[in-house]
């Protein structure tokens, strides 16, 4: 009887922690068994268990999770340095060959602004709504930087944790989220549209100047996005310049992997049960799904709009690849095209739209910051 | 494009910072998408110019 009383007291004191252990376990399962964004979901999942064990002091001042969070997330150091690695991984060749594909990257940011409206309707404050909306950027570092710059990580850490978990989870779920949406809003005839690809060389001159020009333009238009676009394009420049191969390789592999380990663990600082397990977390997960769905809708419908006027029809699925989840979205679109017609090769077009989505999502993040930074709450 | 940038400058799409309502979020939506498309158009133009200049330079070098 005594043991039962002790057990019941333990359960009463720790049931919320137990839920976080289950959530952590689910993230680890998805990472390992389903191979869904394992580089981030595994450390986030493990960290969620770590910080919610009874007597855990890891989030207290001076302890490792708190130190990682303060040194890398609060000052945006980790996501920005990660962007250097991501920039070094990206080949903008398909976009430079066919720059019109950038329009699909732009259109596929619609979900961000649609979700902003929905979050406002639900009752979130402007900065909270903007931070939730940026899940639609389909980019972890952008979500972290924008939400942090808008003060959400300090004013509402539970919301910040939910935003980051939602962003990375839905990025991993792109193949599951996008497929039914694309099938619902396109006809079989549209999905069968073939697109020619002509291999064209892009000069080294263009490849080197491109990151510099992008940084300058975005810096002028959306200065709030300058840290993100600057780091992304710096990474790309060290890749394309041709004289820094060892730095490029380090950025792509060692640097990116190292920062990913620290980033994943430090996110767990915001996943203490008391702050994470609130109704707002469920609402954020729902709004995050809406963001991804309407990103897809925005891109596809833009492609359909172009087809009204274009002589050479575009396969509207290319629009869906404008979401920034690289390269999963591009692969989903290419695979769906192949399923309808195995002679239809959409990969180079979808990759072009996908990488341009990376640029557009950063521009969107910068715009959100420039609009909402001056808001009182 | 001139007309689109004038819309942005006119203030029609400027949201109310003190009392942000649903209608303001729609203004942000319109403003945001317009801005993104304008920036994208500028970037496309720059890439086209870069490609043309590069082709011309390669042609001269040959």
Here the qualifying pairs (Cβ atoms under 7 Å; residues six or more apart or on different chains; first in the stretch A:209-234 and within 11 Å of chain B (Cβ to nearest Cβ); second outside any helix (DSSP H, G or I) and buried (at least 24 other Cβ atoms within 10 Å of the Cβ)) come out as A:210/A:92
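Just a yes or no: is a residue in the stretch B:32-47 in contact (Cβ under 8 Å) with a residue 40 or more places away in the chain, more than 17 Å from residue A:209 (Cα to Cα) and assigned to a helix (DSSP H, G or I)? Working first, answer last.
Applying the first criterion (in contact (Cβ under 8 Å) with a residue 40 or more places away in the chain) to the stretch B:32-47 yields B:41.
Those still in the list that are more than 17 Å from residue A:209 (Cα to Cα) too: B:41.
Those left that are additionally assigned to a helix (DSSP H, G or I): B:41.
Yes: the stretch B:32-47 contains one or more residues that are in contact (Cβ under 8 Å) with a residue 40 or more places away in the chain, more than 17 Å from residue A:209 (Cα to Cα) and assigned to a helix (DSSP H, G or I).
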For the stretch B:8-26, which residues satisfy the criterion of being at the interface with chain A (Cβ under 8 Å from one of its Cβ atoms), under 19 Å from residue A:122 (Cβ atoms) and either at pLDDT below 90 or not in a helix (DSSP H, G or I) (or both)?
B:15, B:20, B:21
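Say whether the condition of being at pLDDT below 90 and closer than 27 Å to residue A:174 by Cβ is met by at least one residue in the stretch A:62-72. Before you say what the answer is, go through the steps one by one.
The initial filter retains those residues of the stretch A:62-72 that are at pLDDT below 90, namely none.
No; the residues of the stretch A:62-72 include none that is at pLDDT below 90 and closer than 27 Å to residue A:174 by Cβ.
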Considering (1) modelled with pLDDT under 95; (2) surrounded by fewer than 24 Cβ atoms within 10 Å (Cβ to Cβ); (3) away from chain B (no Cβ under 14 Å), say which one residue A:203 fails and leave the rest.
(3)
Among the residues of the stretch A:235-252, which ones are touching a helix residue (DSSP H, G or I) at 6+ places or on another chain (Cβ under 6 Å) and assigned to a helix (DSSP H, G or I)?
A:235, A:236, A:237, A:238, A:239, A:240, A:247, A:248, A:251, A:252
Looking only at residues in the stretch A:30-47 that are assigned to a helix (DSSP H, G or I) and without any contact (Cβ under 8 Å) to a residue 12 or more places away in the chain, which one is surrounded by the fewest Cβ atoms within 10 Å (Cβ to Cβ)?
A:32
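Looking at A:212, A:259, can you tell me which residue is assigned to a helix (DSSP H, G or I), touching a helix residue (DSSP H, G or I) at 6+ places or on another chain (Cβ under 8 Å) and surrounded by fewer than 18 Cβ atoms within 10 Å (Cβ to Cβ)? Break it down stepwise before answering.
Numbers: A:259 fails: surrounded by fewer than 18 Cβ atoms within 10 Å (Cβ to Cβ).
After applying the criteria, what remains is A:212.
Residue-wise test of (1) touching a helix residue (DSSP H, G or I) at 6+ places or on another chain (Cβ under 6 Å); (2) surrounded by 24 or more Cβ atoms within 10 Å (Cβ to Cβ); (3) free of Cβ contacts under 8 Å to residues at least 40 places away in the same chain; (4) on the phi < 0 side of the Ramachandran plot.
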| residue | (1), (2), (3), (4) |
| --- | --- |
| A:149 | yes, no, no, yes |
| A:160 | yes, yes, no, yes |
| A:163 | yes, yes, no, yes |
| A:167 | yes, yes, no, yes |
| A:182 | yes, no, no, yes |
| A:187 | no, no, yes, yes |
Based on what the data block shows, is residue A:198 farther than 30 Å from residue A:68 by Cβ, surrounded by fewer than 23 Cβ atoms within 10 Å (Cβ to Cβ) and modelled with pLDDT under 95?
yes
Restricting attention to the stretch A:67-93, and to residues there that are more than 14 Å from chain B (Cβ to nearest Cβ) and not in a helix (DSSP H, G or I), which single residue is surrounded by the fewest Cβ atoms within 10 Å (Cβ to Cβ)?
A:75
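The values are calculated or read from the model by the stated rules, or taken from the named source; none is laboratory data. Owing to the predicted nature of the structure, the values given are computational and were not obtained by experimental measurement. Neighbour counts are summed over all protein chains in view; Cβ atoms, including those assigned to glycine, are modelled from backbone coordinates with ideal geometry.
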